[in-house]
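The values are calculated or read from the model by the stated rules, or taken from the named source; none is laboratory data. Model, not experiment: these values are computed from the prediction. Using ideal geometry, Cβ is built from the backbone for each residue, glycine included, and neighbour counts are taken over all protein chains shown. With ligands, DNA and RNA removed, areas are computed over all heavy atoms of the protein, side chains included. Shrake-Rupley method; radii C 1.70, N 1.55, O 1.52, S 1.80 Å.
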Amino acid sequence: MMESHDTRRLVAAARAARRKACAPYSRFRVGAALLAANGKVYRGCNIENASYGLTVCAERVAFFNAISAGERRFVAIAIVSTGAATPCGACRQVMAEFAPNLRILVAEAKGRGKVKTFVLDELLPSRFCL
Ligand code: THU
């Protein structure tokens, strides 16, 4: 179980990551912070492209950042956006591949609102895996 200070620390990291978002087309800024089993936190923000389909979500940037640093075990991800959006389907599938027991914390960008917590299985039941 995560302690509440871990939750606060992770959400704060996601909020800081959101400030780096590159979202000139949608103007919808997202920050993510991924907690590895060893306690390290890896950040990501959404990165858009003029060829819209090349855009990468904050969650996948955080995962690929961590994985490319050699991490393979993950505990939780915090995601911050306006409206406390839950992750898109593509990001859920990536999470399922690398962290089937992941805890997902979503928080509102403005203020210190309530943090909603999900487990991946409720966001992506019957996931595809090989
Ligand atoms: N986006 C994320 O970064 N994460 C999500 O889970 C949903 C959407 C980004 C992609 C795009 O840059 C913008 O939000 C609007 O879709």
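Tabulated data
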item	result
Positions within segment 61-89 being within 8 Å of the ligand (Cβ to nearest atom) and open to solvent by 40 Å² or more (accessible area, probe 1.4 Å), in sequence order	T86, C88
Filter result for E59 (within 15 Å of the chain's Cα centre (by Cα) and of a type in the set (D, E))	yes
Long-range neighbours under 7 Å by Cβ, at least six apart or interchain, first residue of a type in the set (V, I, T) within segment 44-66, second near the ligand (Cβ under 7 Å from one of its atoms)	I47/T55; T55/N46; T55/E48; V56/N46
Single residue of segment 18-42 satisfying the filter (within 18 Å of E108 (Cβ to Cβ) and more than 8 Å from the ligand (Cβ to nearest atom)) that is farthest from the chain's Cα centre (by Cα)	R27
Every residue from segment 90-127 that is open to solvent by 70 Å² or more (accessible area, probe 1.4 Å) and assigned to a loop (DSSP other than H, G, I, E, B)	N101, K110, R112, K114, P125, S126, R127
Hits in segment 4-47 - residues which are assigned to a loop (DSSP other than H, G, I, E, B) and in contact with a Cys (Cβ under 6 Å, 6 or more places away or on another chain)	K20, A21, N46
Any hit, segment 45-56, residues being surrounded by 13 or more Cβ atoms within 10 Å (Cβ to Cβ) and under 19 Å from L120 (Cβ atoms)	no
